[in-house]
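Working notes for the structure below.
Laboratory data are not the source of any read-out in this text; all were calculated from the coordinates shown. Here the structure is a predicted model, which is why all the values come from computation and not from measurement.
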Amino acid sequence: MKITKEILKEKFEEYNNRYFNSILPKCELSACKLHCFGQYTRVKSKGSKRNRIWITTDVDWTEETLKDVLIHEMIHHYVTTVDGCELFDGFSWYGLFGHGKHFRKQVHRLEKEFGLKIHIHYHFLYHKNEKIATTSFQKLLRFIDYSIN
């Protein structure tokens, strides 16, 4: 399936209602080409904060994979807005690259309450139906993240 901003809005509302009891504040949603499946950003600008979830359009999405990635990014949104943990230049003060104890607490909650298995790291990327191996650098970062947390 090709992803659009409208699909993202629909899924964000559905998942916010079902898995987060509608507690997540609205955020900007973008469908565009990225180097990864998804990304969450929070930018301070003119006294306000802009929260945005980015999802790549370079993937032939399945419902299951889109759900996994979007909820993963929604957990980042939860941790920064509801738990109040701040991001700094895309790196996190709440665990290496944003996957620390606050993030993992939500992953475990979603698995316990709903049986969802949200990935913290993606070992490979299906890009236009081709499997692309994880780089050694990505494996090292994942190892460091697991070792610290």
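Counted over the stretch 5-120, the DSSP beta bridges are approximately 65% antiparallel.
Using only Cα coordinates, the Kirkwood hydrodynamic radius of the stretch 5-120 works out to 14.4 Å. Checking the Cα-Cα distances for 11/49; 26/101; 9/33; 33/105; 2/46 against a 28 Å cut-off, the pairs over it are 33/105; 2/46.
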